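Single-structure report; data block below.
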Amino acid sequence: MLESLMAFFQSTAFMNLTIGNIVMFAVAGVLIYIAIAKDAEPLLLIPIAFGIILANVPPDVTGILNPPTETSPGGVLWYLQQGLALGIYPPLIFLGIGALTDFSFMLSYPITIFLGGAAQMGIFITFLLAKFFGFSLKQAASIGIIGGADGPTSIYITSKFAPELLSIIAISAYSYIALIPVLQPMVSKMLTTKEERRIRMKPPRKVTKTERVLFPIVTTIIVALIIPKSLPLIGMLMFGNLLREAGVVKRLVEAASRYILDTVTILLCVSVGASARADIFLTPKSLLVFGMGAVAFVTAITFGILFAKLMNLFLKDKINPLIGAAGVSAVPDSARVAQRIAQEEDPTNFILMHAMSPNVAGVIGSAVAAGIFLSLIK
């Protein structure tokens, strides 16, 4: 009887469990707590956290991450992760985002597009910082994209450039997106005065349907001709938006914005979590990447605000600098936070529609930045 019990115990995962695995279980627990108790990006953090749990039950025992062999079909998580390795999931996420996004705010006040572009400076500054710390060009580019606050874009470029950093970069990107309600108000209030936060902006003009339909078509052609490497992301984003604005394919819009987007989000986030094994995640290099992710995010918010203040030196109709912080492409969370900060100073001030302009411009900007890196770095 004792021998049977010993044999059973040896067949369990306890024999291979490491301190690192236990630490990763704790990390997953923290992410689940933040997602549920604080309602911080639960659609992303819960599947990521559960993927971490699945991957850190010793995979040598479970076989859940094993690739297929001549005698074994392979583990289920290995197959799910092929969507990351092959770059399939991020463009599908962009398809759903496009079907959900209203670009009319940006078209109604196009000057605010520059705020979305300014916020992408966080990407390039962090790229230089990562290179200074000794990362390769490809690794530095992958780390820099965290500054765009765009999880799918971060995953897309990292899967091509630095798959060894995929778990830490993806978790960093989504963690800082979840921390937008904390980081954005802190930086915004440091860089703006009460008077600036109270600036009222004129209501946006009405955008015609023709403009809304032409925008995704023209944008796709222009971006594809100038930065063809960004086409998988920009093309799918604009295709989803064209479905939305056409007004005659409601079933396709619903499929893209609900069924495809939700399904792919689950698969992508579980796959990201499953890549965060203890032996990969718990290293000094990973902690450095996580720290630079914070620098990237804060720098992006800072440049968006400062550029808005610079524009106000030349504009007759002033821009509320808070909308510059929404230039990070976390749609629509950063725009909502900008609105909340403005209403703390003046409950009757509504800047949400204006903040959505740099917000959606940031989505395009981060994808374009990724395309630039993919084109220039070989």
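The values are calculated or read from the model by the stated rules, or taken from the named source; none is laboratory data. Keep in mind the model is a prediction, meaning the values are calculated, not measured. Cβ: placed from backbone, ideal geometry, glycine included. Neighbour counts: every protein chain shown. The protein model used for the area step is the full one, side chains on, heavy atoms only, and it has no ligands, DNA or RNA in it. Shrake-Rupley method; radii C 1.70, N 1.55, O 1.52, S 1.80 Å.
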Completion exercise
Here segment 191-203 yields Karplus 3J(HN,Hα) values (6.51, -1.76, 1.60; θ = phi - 60°; whole Hz; Gly and Pro given as x) of 9, 10, 9, 4, 4, 5, 5, 9, 4, 9, 10, 5, x
Fill in the blank from the handout: Computed D for segment 282-378, Stokes-Einstein, Kirkwood radius over alpha-carbon pairs, 10 °C, 1.306 mPa s, to the nearest µm² per second, is 107 µm²/s
Completion exercise
Kirkwood-based Rg/Rh on the Cα set of segment 134-200 evaluates to 1.16
Practice task
May I ask for the angle, rounded to the nearest 10°, between helix 76-85 and the longest principal axis of the chain, with both axes built from Cα atoms and the value confined to 0 to 90°?
Solution key: 40 degrees
Problem - Estimated inter-spin distance, residue 283 and residue 198, nm [label 7 Å along Cα→Cβ] - result: 5.3 nm
Practice task
Please state the charge dipole magnitude for segment 231-378, taken about the Cα centre, from unit charges on C-beta atoms (+1 on K and R, -1 on D and E), reported in debye and rounded to the nearest 20.
Solution key: 300 debye
Handout entry: All-pairs alpha carbon distance profile, segment 230-283, 10 Å steps from 0, percent
Key = 21, 35, 24, 15, 5, 0
Problem - Most to least packed among 235-244, 214-223, 99-108, 356-365 [average Cβ atoms within 10 Å] - result: 356-365, 235-244, 99-108, 214-223
Exercise for the section: Could you check how much of the accessible area of the chain is carbon and sulfur, as a whole percent, using a 1.4 Å probe? Expected result: 71 percent
Practice task
Starting with the highest mean, order 224-233, 154-163 by the number of other Cβ atoms within 10 Å, averaged over the residues of each peptide.
Solution key: 154-163, 224-233
Practice task
Translational diffusion coefficient, Stokes-Einstein: compute it for the chain using the Kirkwood radius over C-alpha pairs as Rh, at 37 °C and 0.692 mPa s, and state it as an integer in µm² s⁻¹.
Solution key: 153 µm²/s
Exercise for the section: Tabulate in residue order the Karplus-calculated ³J(HN,Hα) for segment 123-132, using 6.51 cos²θ - 1.76 cosθ + 1.60 with θ = phi - 60°, rounded to whole Hz; enter x for Gly and Pro. Expected result: 5, 6, 5, 5, 4, 5, 5, 5, 5, 4
Exercise for the section: Would you list which lysines come within 18 Å of residue 138, measuring only between C-alpha atoms, while excluding same-chain residues fewer than 8 positions from it? Expected result: 160, 229, 285, 378
Completion exercise
In degrees rounded to 10, the 0-90 angle between helix 19-37 Cα long axis and the longest Cα principal axis of the chain is 40 degrees
Handout entry: Full-extension gain in nm, residue 82 to residue 258, via 0.36 nm per residue minus C-alpha separation
Key = 61.1 nm
Problem - the chain - accessible surface per residue (Å², probe 1.4 Å) - result: 46 Å²
Handout entry: Residue-averaged [θ]222 nm for the chain, counting only DSSP H segments that reach four residues, each worth -39500 (n - 2.57)
Key = -22000 deg cm²/dmol
Exercise for the section: For helix 352-376, report the angle its Cα long axis makes with the longest principal axis of the Cα atoms of the chain; keep it between 0 and 90° and round to the nearest 10°. Expected result: 60 degrees
Handout entry: the chain, relative contact order [Cα under 8 Å, separation at least 6], %
Key = 29 percent
Exercise for the section: Name the residue farthest towards the positive end of the dipole of the chain from the options 306, 203, 85, assuming +1 on Cβ of Lys and Arg, -1 on Cβ of Asp and Glu, about the Cα centre. Expected result: 203
Handout entry: Contour minus Cα-Cα distance for residue 72 and residue 375 (0.36 nm per residue)
Key = 105.2 nm
Exercise for the section: Percent of Cα-Cα pairs per 10 Å bin, from 0 to the last occupied bin, for segment 192-351, please list those. Expected result: 9, 21, 31, 28, 10, 1
Problem - For segment 87-217, the fraction of alpha-carbon pairs in successive 5 Å shells from zero, as % - result: 2, 9, 13, 17, 18, 16, 13, 8, 4, 1
Exercise for the section: Would you please put 291-303, 320-332, 39-51 in order of how densely packed they are, using the mean number of other Cβ atoms within 10 angstrom per residue and starting with the highest? Expected result: 320-332, 291-303, 39-51
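Contour minus end-to-end for residue 348 and residue 309, with contour as 0.36 nm per residue of separation and end-to-end as the Cα-Cα distance? Don't jump to the answer; show the numbers that get you there.
On the way: separation 39, 0.36 × 39 = 14.04 nm, distance 2.20 nm.
Here the segment from residue 348 to residue 309 would lengthen by 11.8 nm.
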Completion exercise
One finds, for residue 226 and residue 15 with R0 = 41 angstrom and r their Cβ-Cβ distance, a FRET efficiency to the nearest 0.05 of 0.15
